[in-house]
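Comments concern the structure below.
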């Protein structure tokens, strides 16, 4: 699964918090009209008025990345923790982007190399599931590519515009980074079978900020289909997993200030039908470096999750890799074809592997 499966969420619970402020040009001090102000990976956002003012109301508790963007200016990001009934005033200055002479990149859409690079990008960025295959990048011409050895990198001069008609979303994606060495295509990406060069050192990494806008359904039937598809996309996703780990933390600990008291009956709950992981269909296997052969052991009473700096945040920490199985849904055919699994017996569950880029990662109880 890829970005548009893992990160699509549902409408957040209504709260009473609010954030407002003014966006101005850092050099002139003039207010900026039409600046996009939004919380990344959500559909919560607005644009500034003629005085550069913005207001976002009814924000639920949680950890957010506020993104402020306008063409011609450097994007600004602010990490915020929002609590109940909080009113935040945040004025932001945007810095005009300097015009620089850039090194030559492959940018011509009619260029054969650009087309080849774009096919690789699309497959690695969007993925192979039904939801991913229904995504269409409508302004792909803003992408430029560069190859250095076996590594392909991409930049976008403006945000990517992506339609997902299966889920009913228009996605605006601000690409910060994209790199992959999984670039060898033996057959055309648009053919029925697509084969990639597979090695133990292959990687694809990308990062950025996204904003979701709901499409207008043409009928009640389409609206209900989108709701069902969004629920299916959420089930088994990274956000679903992190939300469940947060619920498991609350089960395990009775939080009192900074001195959590472990529940006396946790050993009875862990691994049973009352365990949030079990109820939501997950099995978790941390890597066990002391075992040979099958070097994953089932997670029992260890939560892997701890208190972070405030009530909105939790922290997940583990060594090596974490194998996560979602038992309520099997692997899709599109995924199996594109990962050389089409000739093996179909699995009745989905398997993912998580690896932290640092010692611990902070997230909120909404799985963000």
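Please treat every number below as a calculation from the coordinates, not as lab data. It should be emphasised that the depicted structure is a prediction, and the values quoted were computed from it without experimental measurement. Ideal geometry is used to build each Cβ from the backbone, glycine not excepted, and the neighbour counts take in all protein chains shown.
Here are the numbers:
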quantity: 15 Å tail of the calculated P(r), the range 3-94, as % of Cα pairs; calculated: 59
quantity: Residue order, fewest to most beta carbons within 10 Å, for 274, 173, 141; calculated: 274, 141, 173
quantity: Per-pair calculated FRET efficiency, R0 = 22 Å: residue 213 and residue 51 via Cβ, rounded to 0.05; calculated: 0.35
quantity: Extension reserve of the residue 355-residue 221 stretch, reckoned as 0.36 nm per residue once the Cα distance is removed; calculated: 44.2 nm
quantity: Packing-based order for 230-237, 89-96, 319-326, using average beta carbon neighbours within 10 Å, highest first; calculated: 230-237, 319-326, 89-96
quantity: Pairwise centroid distance, computed over Cα atoms, of the range 122-150 with the range 58-81, Å; calculated: 25
quantity: Whether the range 136-175 is rounded, prolate or oblate, judged on the alpha carbon gyration tensor where a/c under 1.5 counts as rounded; calculated: prolate
quantity: Computed Kirkwood radius, in angstrom, where 1/r is averaged over Cα pairs of the range 40-175; calculated: 17.8
